[in-house]
Amino acid sequence: MSCGEVSFAANEELRQLVRDLVSIRSYSGQEQDVQAFIEDWFARQGIASRRQQADDGLVNILAEVDGAPGGPTLWIGGHCDTVGVSDGWGSDPHQPHEADGRLYGRGVMDMKGGLATAMILLRNLHQSRENWAGRVLFASLADEEARSRGMEAHAVHLGAVDGAIMCEPHFDDVVIGAMGKVNLIVDVEGKAAHASLPHEGINAICEAGRLLALIADLERAVSPDFGPSSHCVIGIEAGDGSYSISVPDHCCLMINWQFPASETVEDGIALIMSLADSLNSPARFRVTARPPAYDSYLIDRDHPFLRAFARSYETILGHAPELRIGKGVSDGNILAGRLNVPTLLFGPKGGNMHGADEYLTLSSLEASYAVIERFAADFLQDQKQGTRR
């Protein structure tokens, strides 16, 4: 396995693999075709892979290669699913095309460019397995853009891992931690009555509206590590959609609730309940948590795994990486927050993620591969001998 610059042939192969992945539609819950392609691709490289079942018939594709004994276990990969296609595309989102150093297509940035990077790395490590020590695990996960059903299944059976690179599109802003996230559900129970006699009922929508005003004005504590937490009401439901001249007796709110490591889901539930109690409302309020739920996490900046990555990043790119705390969540929250695997998010960058004309910057595709290859060369060593075999 070479260190440093990637050869031109490897670059072209990597680009083509990204194009192949992007040309296969893989919206969340509909990943079967792209997973079949990945499974076949590994077979053609002489690498055994296996399917891992997830809820609702979804599957992950897993592969691993072993070097000499005595080294660490590295996890690398990410999700194969994408969001749907929005309006405003200037070309077919599933017919990738290059222009001005960019590759366009749905999912090219988030995150099929990163997934292809991990696939090529595993293949190259397989071909040079006599030159390194340890084990490398690859996973192509389903459903990250929705409910992380792929990672939930993967987490149940994942053994000891010394470090993980989730190849998400964080090139200039390497993510070493992230807020936790949960959906808080607020059920408001009122009292039905004829709408011409509203004083005889308790309007659940109006009482929910009073709580909404308090939530909108809520100022939360600022974490010294994670910064300000965020929350957003993302849904409200009342009635069954039919026409009824009645005071609504039920209303349900959904809140996207993010929190740092110093807080818990139970803290969020208690805070919303305290706001509801302060209303002295005649309605009844109940606050619960609904999956998906993600723990927060933060890698120690002095952790050997992170230091090794930072050295490789600086060797290839000429400057130290900017290490950040992510505001959004990913499957990395489950790896790091729940399983305590040191996890960073790093991969090729682009633009218009989840929007029209999503693109990948091809120079970052090549550079991110070079960084990860260099890191693997340094990290995958015989821990007893301290040198590569």
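The values are calculated or read from the model by the stated rules, or taken from the named source; none is laboratory data. Every value quoted in this text rests on a predicted model; they were computed, and no experiment measured them. So basically every Cβ, Gly included, is an ideal-geometry build from the backbone, and we count neighbours across all protein chains shown. What goes into the accessible areas is simple: the full protein's heavy atoms, side chains included, and nothing from ligands, DNA or RNA. Shrake-Rupley method; radii C 1.70, N 1.55, O 1.52, S 1.80 Å.
A few notes on this one:
- Flag if residue 207 is of a type in the set (Asp, Glu), open to solvent by less than 30 Å² (accessible area, probe 1.4 Å), in contact (Cβ under 8 Å) with a residue 60 or more places away in the chain and farther than 30 Å from residue 371 by Cβ: yes
For (1) within 17 Å of residue 11 (Cα to Cα); (2) among the basic types (Lys, Arg); (3) open to solvent by 30 Å² or more (accessible area, probe 1.4 Å); (4) not in a loop (DSSP other than H, G, I, E, B), each residue gets a yes or a no:
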position	(1), (2), (3), (4)
354	no, no, yes, no
357	no, no, yes, no
360	yes, no, no, yes
367	yes, no, no, yes
372	yes, no, no, yes
377	no, no, no, yes
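- Within region 213-260, restricting attention to residues that are within 24 Å of the chain's Cα centre (by Cα) and closer than 15 Å to residue 286 by Cα, the residue that is surrounded by the fewest Cβ atoms within 10 Å (Cβ to Cβ) is 254.
- Residues that are within 13 Å of residue 204 (Cα to Cα) and assigned to a strand (DSSP E or B) were ranked within region 261-303; the one that is nearest to the chain's Cα centre (by Cα) is 286.
- Boolean, residue 165 is closer than 19 Å to residue 368 by Cβ and aliphatic (A, V, I, L, M): yes
- Residue in region 320-336 that is surrounded by 15 or more Cβ atoms within 10 Å (Cβ to Cβ), farther than 14 Å from residue 175 by Cβ, modelled with pLDDT of 95 or more and more than 12 Å from the chain's Cα centre (by Cα) present: no
- Residues in region 364-389 that are modelled with pLDDT of 95 or more and of a type in the set (Ser, Thr, Tyr) were compared, and the one that is nearest to residue 102 (Cα to Cα) is 364.
- Candidates 155, 192, 142, 133: the one that is surrounded by 24 or more Cβ atoms within 10 Å (Cβ to Cβ) and either within 19 Å of residue 28 (Cα to Cα) or modelled with pLDDT of 95 or more (or both) is 142.
Yes/no per residue for (1) surrounded by 18 or more Cβ atoms within 10 Å (Cβ to Cβ); (2) out of contact with any helix residue (DSSP H, G or I) (no Cβ under 9 Å at 6 or more places or on another chain); (3) modelled with pLDDT of 95 or more; (4) not in a helix (DSSP H, G or I):
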site	(1), (2), (3), (4)
14	yes, no, yes, no
17	yes, no, yes, no
30	no, yes, yes, yes
43	no, yes, yes, no
47	yes, no, yes, yes
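- Filtering region 104-142 to residues that are out of contact with any Leu (no Cβ under 7 Å at 6 or more places or on another chain) and part of a loop (DSSP other than H, G, I, E, B) leaves 105, 106, 107, 128.
- In region 46-82, the residues that are closer than 30 Å to residue 93 by Cβ, touching a residue at least 12 places away in the same chain (Cβ under 8 Å) and small (Gly, Ala, Ser): 49, 54, 63, 77, 78
- Within region 222-240, being assigned to a loop (DSSP other than H, G, I, E, B) and free of Cβ contacts under 8 Å to residues at least 40 places away in the same chain holds for 224, 239, 240.
- Flag if residue 187 is open to solvent by 40 Å² or more (accessible area, probe 1.4 Å) and either farther than 26 Å from residue 336 by Cβ or not aliphatic (A, V, I, L, M) (or both): no
- As a summary of the residue check, residue 258 satisfies the conditions (1) at pLDDT 95 or above; (2) within 19 Å of residue 337 (Cβ to Cβ); (3) outside any strand (DSSP E or B) except for the one numbered (3).
- Out of 288, 343, 315, sole residue that is surrounded by fewer than 17 Cβ atoms within 10 Å (Cβ to Cβ), of a type in the set (S, T, N, Q) and closer than 30 Å to residue 18 by Cα: 315
- Of the criteria (1) open to solvent by less than 40 Å² (accessible area, probe 1.4 Å); (2) within 20 Å of residue 380 (Cβ to Cβ), which one residue 66 fails: (1)
- Residue check for residue 335: in contact (Cβ under 8 Å) with a residue 60 or more places away in the chain and either in a helix (DSSP H, G or I) or in contact with a Pro (Cβ under 6 Å, 6 or more places away or on another chain) (or both): yes
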